[in-house]
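*Asks:* Below is a structure I'd like to ask you about.
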Amino acid sequence: MTKKTDNNEEEFNKLFAPLRGLTPRTSLLSETLSRLPAPLIVTASSVRRFSYMDVARYSGAVVFATLILLFSPLLYPMNVADEVYAMEIEAEEIADAVEYDSLAVELEYDVSDLEVEMLQLDLLGA
Amino acid sequence: MESFEILVVRAQAGDKEAFGQLYSGYFTPIYRFLYWRTKHKETAEDLTQTVFLKAYEAMSAYKSTGAPFLSWLYTIARNLYLDHSKKKKSILPDDPEIFWDAMAQTGPATDKMSHEREDREALAGALAELTDEQQEIVILRFIEERSYEEIAEITDKSEEALRALNYRAMKTMKSRLKKKYKEEL
């Protein structure tokens with residue numbers, strides 16, 4: 001039966017040969033091409049998908065920034081005791097400067113007006 | 001001409017020129033398949049354009065899996081035809097004059113050509129009397145000259161089933177054409 005079927009197929013192949021001569025009109029291909037949409041800017045390969053790595057990176061950056069802020073000394077104002085201590089040191093430095101005749105230079109230090117005035121008074125008194 | 005793979009990559013990136021080169025070789029078989037399925041010139045043209053527009057849109061998703069590229073196009077064409085036939089069952093085939101004018105003919109009409117045309121009409125008539133499934137296998141097998149393996153891929157049927165279907169189709173056609181072609185078959 002297989003051989004007969006094959007023979008039949010050969011005969012049918014010949015029989016149908018004239019029907020293979022059909023071709024589309026020549027302009028159909030160009031018409032089809034002109035109907036194509038503009039190239040897709042967002043293609044499947046360029047679409048960013050949800051990624052756990054991206055989430056991890058973003059979270060890490062946020063945590064790092066938060067820690068930087070939390071431990072930043074700028075965030076904490078100096079307490080009163082520290083300020084007094086700093087003033088005492090500055091006063092000592094100025095006193096030393098007076099002792100070595102360099103008051104004019106030392107007075108350029110950025111200390112509060114009050115302190116300077118007090119020191120000047122002290123010096124004058126001395 | 002660039003290699004098939006390069007053209008596919010370029011077409012996938014939205015390159016129309018590459019798409020044109022890629023499909024110019026496949027345009028005629030797809031049109032011919034749809035023409036013989038619909039037997040209506042305008043419908044075949046519309047469906048062919050739709051096949052290629054759909055293929056263009058789906059290019060980025062197309063992955064060369066070793067299957068023939070043409071089979072992928074036939075599958076799109078087949079699905080479109082099935083959708084179309086479900087929606088528009090009442091469509092009438094072309095008038096025989098229009099139908100056969102679509103065939104390439106050169107030179108003045110002769111008696112021989114007239115006989116050939118009669119033969120083709122008889123053949124097309126016998127084809128049209130087959131069931132839809134049988135028409136599909138006969139068109140793919142004898143007009144499109146596809147292998148059973150390719151047809152199985154396109155139609156999602158087993159090769160054995162297709163062979164049996166084709167055998168029955170040939171038997172039916174043969175009996176219908178017996179009168180006219182008894183000296184040939």
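*Asks:* Could you pull out every residue, at least 5 positions away or on a different chain, whose amide H is within less than 5 Å of the one on B:H40? Hs are placed 1.01 Å off N in the peptide plane, and Pro or chain starts have none.
*Replies:* For B:H40, whose amide H was placed from the backbone, the distant partners under 5 Å are B:D94.
*Asks:* What trypsin sites (Lys or Arg not before Pro) does the stretch B:1-47 have in DSSP loop regions with at most 11 other beta carbons within 10 Å?
*Replies:* Passing sites in the stretch B:1-47 do not exist.
*Asks:* Going down the list A:K14/B:K174; A:K14/B:K178; B:K87/B:K174; B:K16/B:K39; B:K39/B:K86; B:K16/B:K54, which pairs span over 20 Å between their C-alpha atoms?
*Replies:* Flagged as over cut-off: B:K87/B:K174; B:K16/B:K39.
*Asks:* Now a separate question. Could you tell me the center-to-center distance, by alpha carbons, between the stretch B:6-61 and the stretch B:67-88 in angstrom?
*Replies:* So the separation of the two Cα centres works out to 11 Å.
*Asks:* Gain in length, A:V55 to A:T26, computed as 0.36 nm per residue apart minus the alpha-carbon separation, to one decimal in nm? Intermediate values should be presented prior to the final figure.
*Replies:* Working: separation 29, 0.36 × 29 = 10.44 nm, distance 5.38 nm.
Separation in residues times 0.36 nm, less the Cα-Cα distance, equals 5.1 nm.
*Asks:* Carbon and sulfur atoms: what percent of the 1.4 Å accessible area of the stretch B:111-185 do they account for? Before the final figure, lay out each step's value.
*Replies:* Values: 1790 of 4080 Å².
So the carbon and sulfur contribution to the accessible surface is 44 percent.
*Asks:* Right, next: Within the stretch B:1-66, which GluC sites (Glu not before Pro) sit in a loop by DSSP and count at most 15 neighbouring Cβ atoms inside 10 Å? Walk me through the numbers on the way to the answer.
*Replies:* Details: sites: B:E2, B:E5, B:E17, B:E42, B:E45, B:E57; in loops: B:E2.
When the GluC sites (Glu not before Pro) of the stretch B:1-66 are filtered for loop state and at most 15 Cβ neighbours within 10 Å, B:E2 remain.
*Asks:* Karplus couplings for the stretch B:11-21 from phi (6.51 cos²θ - 1.76 cosθ + 1.60, θ = phi - 60°), rounded to Hz, Gly and Pro as x?
*Replies:* Using θ = phi - 60°, the values come out as 5, 5, 7, x, 7, 5, 4, 5, 4, x, 5 Hz.
*Asks:* Per-residue HN-Hα couplings for the stretch B:143-158, Karplus 6.51 cos²θ - 1.76 cosθ + 1.60 at θ = phi - 60°, whole Hz, x for Gly and Pro?
*Replies:* Calculated HN-Hα couplings, in order: 8, 8, 6, 8, 6, 4, 4, 5, 5, 4, 5, 5, 9, 6, 10, 6 Hz.
*Asks:* In addition: For the stretch B:130-165, which GluC sites (Glu not before Pro) are in a loop by DSSP, counting at most 16 other Cβ atoms within 10 Å?
*Replies:* Counting only loop positions with at most 16 other Cβ atoms within 10 Å, the GluC sites (Glu not before Pro) in the stretch B:130-165 are B:E145.
The values are calculated or read from the model by the stated rules, or taken from the named source; none is laboratory data. None of these values were measured; they are calculated from a predicted model. When we count neighbours, we look across all protein chains shown, and the Cβ atoms used for this are built from the backbone with ideal geometry, even at glycine. When the accessible area is computed, the model is the full protein with side chains, heavy atoms only, and any ligands, DNA or RNA have been set aside. Shrake-Rupley method; radii C 1.70, N 1.55, O 1.52, S 1.80 Å.
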